[in-house]
Amino acid sequence: MNSTVLAEILRHEWGIESFASVNIRSLVYNNIRNLTVLWFPMKANISGCCSKTNEDKVIFINTNHSIGRQNFTLAHELYHLLYEDIDDFIVCGINMNTPSERNADEFASTLLIPDSALYWFRNKNQIDDWSVEDLIKCEQYYQVSRSTMLNRLKSLNWISQDQYDEFGLNVVAEVNRLGYETGLYKPSPQDQKYSSIGELVRLTEKAYGKKKITGGKRKEILLKCFRNDILYDNEVNKLE
Amino acid sequence: MNKPVFYDADCLECFLFVDATYILEELFSKIIIPEQVYNEIMEENTPSLVKRNFKKLKEGFVEIQEMPFGSSQYLAYKSIEKGFWSKAGQICGSGESAAMALAHLNNGIIASNNLSDVEEYIESLDIGLITSSMILTKALEMEIISEDTASSLYLAMIERGIKLPQDSFWEYFDKLYEIDCKRFLKNDFP
């Protein structure tokens, strides 16, 4: 089964309406057992990594990439975890062009914006010739990066190569000019460079509640998985 | 105090959070922290306030103790960490395990606030214990701080999210201080 179909089926299984945008973070948290996702800064050429055993799954996401890119990476890593055998760790970089990476890219793209959603969006907004404003409106709605958006429109032949090149320039400036929020196009803010969700936190709290681990061990694990927000008062975390 | 004091991160952090390490510097000639506690304090996500105040401690006041691989201290530390010395098999944090191992093998005292976590060990290994509440009270007794300061520091620690045994300093002083000293320190903290 090709990766596009797998993404469509997964959306259906997870109860996502065909045209709906998804909050990929809460989706994976709610739908995949034994998964821990950690966000932290990595080298620029790495987007993310993943690994799994029979009992646990883990995904790492590079917070030095834009939020839109991070959403895509999370969906991309899901493909490796759910549909491939993984011996050790899979490290996914930019411009990697193996069949597995291409499949994961197609899966991620469709999971975030199925073709049907793009058709719906185009009809709803009566778009004949895509303008930069249409593009921003669509990527803001589906919370995807500019490159994801451009690749999808290009693959459907809805934009020309010239438009593809032109729309890839001055992204943040154009978003600002049109009055949209720019966070999607930027790396995680400094105070959100490190975070995590999922099973590791749940298991730690459970083990602590059942006195399987001490408070010191709980703190050690939560610090290592960047959950100081659980350990310390929010104001303390903000103090500089 | 005649015995060496080995600090767990939680006790030291109380004073770092409220910028009151001058109390420790007045009360003790030096403090000893295991390397594991130092690493925990310097962890990326430890609040920067804690790290900054730690760096402000006067030079030579903090002794960071390492445990060579395979040494008796290291073996004791690993055994505690993995829960081998606990009847319930409770797994400990590396910082508190290291502090307990060092206190045990050096006839020392552990400085920790995690009473429920260390209680089993201080009883079975006959280790003395001091908590940040006890240190604060001792500082008041020795007139290092005023009553108002003791009270406000205690509240400031609670406001930072630190769990202390009572809601206010005076409640602690009235209800627990004497009991804690007898129970945990015998005559080590006169």
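What are the lysines whose alpha-carbon lies under 23 Å from the alpha-carbon of A:Lys124, with same-chain residues fewer than 8 places away excluded?
Straight-line reach from A:Lys124, under 23 Å: A:Lys137, A:Lys154.
Which FRET efficiency value, to the nearest 0.05, is calculated for B:Asp126 and A:Phe19 with the Förster distance at 51 angstrom and r the Cβ-Cβ distance?
0.15
Any idea how many Lys pairs in the stretch A:195-237 come in under 16 angstrom at the alpha carbon, given 8 or more places apart or on separate chains?
4
Please compute the net charge surrounding A:Asn170, taking Lys and Arg as +1 and Asp and Glu as -1 over other residues with Cβ under 13 Å from its Cβ.
Working: positive: A:Arg146, A:Arg177; negative: A:Asp165, A:Glu166, A:Glu174.
Every neighbour counted, the sum reads -1.
Give the range of the longest stretch in chain B that excludes all trypsin sites (Lys or Arg not before Pro) found in loop regions by DSSP and having at most 14 other beta-carbon atoms within 10 Å.
The segment B:88-162 is the longest one with no such site.
If you place +1 on the Cβ of every Lys and Arg and -1 on the Cβ of every Asp and Glu, how big does the dipole about the Cα centre of chain A come out, in debye to the nearest 20?
1160
Please give the average number of partner chain Cβ atoms lying within 10 Å of the Cβ of each residue in A:217-227, rounded to a whole number.
5
Given R₀ = 22 Å, what would the calculated FRET efficiency be for A:Lys211 paired with B:Lys78, taking r from the Cβ atoms and rounding to 0.05?
That gives a FRET efficiency of 0.60.
Using the Cα centre as the reference, give the magnitude of the dipole from point charges on the C-beta atoms of the protein assembly as shown (Lys, Arg: +1; Asp, Glu: -1; all else neutral), rounded to the nearest 20 debye.
560
Rolling a 1.4 Å sphere over the protein heavy atoms, what is the accessible area per residue of the stretch B:5-185, to the nearest Å²?
Values: 7830 Å² over 181 residues.
Heavy-atom SASA per residue in the stretch B:5-185 reads 43 Å².
Return a single number: how many Lys pairs in chain B, at a sequence separation of 8 or more or on separate chains, have alpha-carbon atoms below 14 angstrom apart.
For chain B, qualifying lysine pairs total 4.
What accessible area per residue, rounded to a whole number of Å², is obtained for chain A using a probe radius of 1.4 Å?
Accessible area per residue: 51 Å².
Of the chymotrypsin sites (Phe, Trp or Tyr not before Pro) in the stretch B:53-107, which ones lie in a loop per DSSP and count no more than 14 other C-beta atoms within 10 Å?
Sites meeting the loop and neighbour criteria: B:Phe61, B:Phe69, B:Phe84.
Please work out the FRET efficiency for the pair A:Asp87 and A:Val172, using the Cβ-Cβ distance as r and a Förster radius of 60 Å; give the result to the nearest 0.05.
That gives a FRET efficiency of 0.90.
How big is the A/B interface in buried accessible area, both sides summed, 1.4 Å probe, to the nearest 100 Å²?
Buried area between the two chains comes out at roughly 1900 Å².
Could you check the simple spin-label distance between A:Gln161 and B:Ile64, using points 7 Å along Cα→Cβ, in nm with one decimal?
It is 5.7 nm.
Ignoring trypsin sites (Lys or Arg not before Pro) that are buried or in helix or strand per DSSP, and keeping those with at most 11 other beta carbon atoms within 10 Å, what is the longest stretch of chain A between them?
Looking at chain A, A:44-209 is the longest stretch - no exposed trypsin sites (Lys or Arg not before Pro) with at most 11 other Cβ atoms within 10 Å.
Which GluC sites (Glu not before Pro) from the stretch A:3-80 combine a DSSP loop assignment with at most 13 other Cβ atoms within 10 Å?
In loop regions of the stretch A:3-80 (DSSP not H, G, I, E or B), the sparsely surrounded GluC sites (Glu not before Pro) are A:Glu17, A:Glu55.
Run the accessible area of the protein assembly as shown with a 1.4 Å probe and give the carbon-and-sulfur part as a rounded percent.
Using a 1.4 Å probe with all protein chains present, the protein assembly as shown comes out at 48 percent carbon and sulfur.
Can you give me the distance in nm between label points at B:Ile179 and B:Lys30, each placed 7 Å from the Cα along the Cα-to-Cβ direction?
If labels sit at B:Ile179 and B:Lys30, their model points lie 3.7 nm apart.
So what's the gap between the Cα centers of the stretch A:1-62 and the stretch B:39-72, to the nearest angstrom?
Here the two parts' Cα centres lie 37 Å apart.
Inside 10 Å of the C-beta atoms of B:156-163, what's the mean count of C-beta atoms belonging to other chains?
Partner-chain Cβ atoms within 10 Å, mean over residues of B:156-163: 3.
The values are calculated or read from the model by the stated rules, or taken from the named source; none is laboratory data. Computed from a prediction, not measured in an experiment: that's the story for all the values here. Note that each Cβ is placed from the backbone with ideal geometry, even for glycine, and that neighbours are counted across all protein chains shown. Remember, those area values only see protein heavy atoms, side chains included, never the ligands or the DNA or RNA. Shrake-Rupley method; radii C 1.70, N 1.55, O 1.52, S 1.80 Å.
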